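Engineer: First the structure, then my questions, so here it is.
The values are calculated or read from the model by the stated rules, or taken from the named source; none is laboratory data. Just so it is clear, the structure is predicted and the values come from calculations on it, not from any experiment. Every residue, glycine among them, receives a Cβ derived from its backbone with ideal geometry; neighbour counts consider all protein chains shown.
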Amino acid sequence: MQRARDFGMTSCHTCELLLRVPSHRHTHCPRCGAKVHVRKRNSIGATWAFLLAAMLMYLPANLLPVMTTVYLGSGQPDTIMSGVIYLFINGEWPLALIVFVASILIPLLKMIALTYLLISVQRRSSFQHRQRARLYRITELVGRWSMVDIFVVALLVALVQVGSIASVYPGAGARAFAAVVILTMLAVMSFDPRLIWDEKKETGDRNG
Amino acid sequence: MNDLEPVQRPERYLACRECDGLQRLPQLAPGQRARCPRCGARLARNPVGGLDRLFALNVTALLLLVLANAFPFMMMEMQGRLQSTTLIGASAALYQAGMGELAVAVLIATVVGPALIVVSMLYVLTGLRFGWRAPLLRTVLTWISHLVPWSMLDVFMLGVLVAFVKLEGMAEVVIGPALYAFLALILVSAASLSAFEPRLLWEKLAREKL
């Protein structure tokens, strides 16, 4: 299949109008007014920047308490993982599994996936384009679900304010955790999936 | 394909936004969608019901949004004291606990994001449907797509479920009326997003010279 780029053209990322765009320059889309580049600008650099920042925040996000429950005067800090364990030992294992996947597994896998995609693109890999494209799509789709723990903290903080009996306070881990989710989402948005295909050697599949 | 045709008749072609594969714009019957044969990304769709359905869904979403925000959706009783929270209340609690930036993130994900999407959709659709040359029509239509990933009502719903289970152990938890509006809103929003194909709106906008 031929690329739009081979014709000196690009789809406007906002309205999808096919335009002639000189490579390494930009043009303004006549239909929607967006600035159009052949590829997202600084895609690899920006994605790395967001990704490395997310990796840095991943540690405090998991090590620091996301909230502290003060019950009858004694405080109990909770990390993401201890929250999962709490659900598990209380017999809520389906929910424990969901939170574990959403809060611990997804951010981790997302960062691994992005690292792999970035390195494979930078090494001009021509390995498994379709699978890598699918990996990107999944990464894009699941990322927001990691935010669930932040919402749980917000809800508990809002509801459990029973003066001296029981109160829940948000912890610094929540801040770091939200940063991980937002930074990985920004990393995914900065990555241009078309880069995966740019090195593909066309071997006689001009089947339009 | 003819090697010059895409350049001469660009309106008949489409480049996949995920792999840049150039292909003929597929002619889709209502309800059909096309995937890119090379990378598998969604290429185009032709939502059933067109703009009218999208408009109706967003009017419904607006009503549900008001209901979901106006009433508490979760109440808890502990030692005879009743505590309840609204959508905005969850963000406000974080703010009061000294986590301003976290409060802003939660507010965007649960209140501002969803509301902006619905209001912007209605604004753009009113312009398109009634041929009203609304100011900033292009800007508003552009930002809808950017807002979508940051609106997280569905994720928040999962959070409500987890919080419910965690609280059940220590107190009496009651679901408030807003939660039902909230559930309906999630379904209507999902339907609205799957009926939202920006390319068609841009085409109409250009056709009608708005």
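Engineer: Could you count how many residues in segment A:8-24 are free of Cβ contacts under 8 Å to residues at least 12 places away in the same chain and touching a His at 6+ places or on another chain (Cβ under 8 Å)?
Structural biologist: 0
Engineer: Do the conditions hold for A:A96, that is, is it more than 9 Å from chain B (Cβ to nearest Cβ) and under 27 Å from A:T139 (Cα atoms)?
Structural biologist: Working: more than 9 Å from chain B (Cβ to nearest Cβ): yes; under 27 Å from A:T139 (Cα atoms): yes.
Criteria met by A:A96.
Engineer: Ok, one more. With respect to A:Y71, is the statement that it is within 14 Å of chain B (Cβ to nearest Cβ), without any contact (Cβ under 8 Å) to a residue 12 or more places away in the chain and either buried (at least 19 other Cβ atoms within 10 Å of the Cβ) or of a type outside the set (V, I, T) (or both) true?
Structural biologist: Numbers: within 14 Å of chain B (Cβ to nearest Cβ): yes; without any contact (Cβ under 8 Å) to a residue 12 or more places away in the chain: no; either buried (at least 19 other Cβ atoms within 10 Å of the Cβ) or of a type outside the set (V, I, T) (or both): yes.
So A:Y71 fails the test.
Engineer: Can you confirm whether B:V112 is of a type in the set (A, V, I, L, M, F, W, C), surrounded by fewer than 19 Cβ atoms within 10 Å (Cβ to Cβ) and more than 8 Å from chain A (Cβ to nearest Cβ)? Even if it seems obvious, please write down each step before you answer.
Structural biologist: Working: of a type in the set (A, V, I, L, M, F, W, C): yes; surrounded by fewer than 19 Cβ atoms within 10 Å (Cβ to Cβ): yes; more than 8 Å from chain A (Cβ to nearest Cβ): yes.
Judged against the criteria, B:V112 is a match.
Engineer: Being within 25 Å of the chain's Cα centre (by Cα) and within 19 Å of A:M9 (Cα to Cα) is the filter here, so list the residues in segment B:23-40 that pass it.
Structural biologist: Residue satisfying the conditions is B:C36 alone.
Engineer: Which condition does B:V104 not pass, out of (1) surrounded by fewer than 18 Cβ atoms within 10 Å (Cβ to Cβ); (2) modelled with pLDDT under 95; (3) more than 20 Å from B:A184 (Cβ to Cβ), if it passes all the others?
Structural biologist: Only one criterion in (1) surrounded by fewer than 18 Cβ atoms within 10 Å (Cβ to Cβ); (2) modelled with pLDDT under 95; (3) more than 20 Å from B:A184 (Cβ to Cβ) is unmet by B:V104, namely (2).
Engineer: Oh, and also: Does B:A191 count as surrounded by 15 or more Cβ atoms within 10 Å (Cβ to Cβ) and more than 8 Å from chain A (Cβ to nearest Cβ)?
Structural biologist: Criteria met by B:A191.
Engineer: Condition first: facing another protein chain (nearest Cβ under 7 Å), part of a loop (DSSP other than H, G, I, E, B) and surrounded by 20 or more Cβ atoms within 10 Å (Cβ to Cβ). Now tell me which residues in segment A:18-34 satisfy that.
Structural biologist: Correct list: A:C32 only.
Engineer: If you take the residues in segment A:123-137 that are surrounded by 15 or more Cβ atoms within 10 Å (Cβ to Cβ) and of a type in the set (A, V, I, L, M, F, W, C), which one is farthest from B:P37 (Cα to Cα)?
Structural biologist: Result: A:L135.
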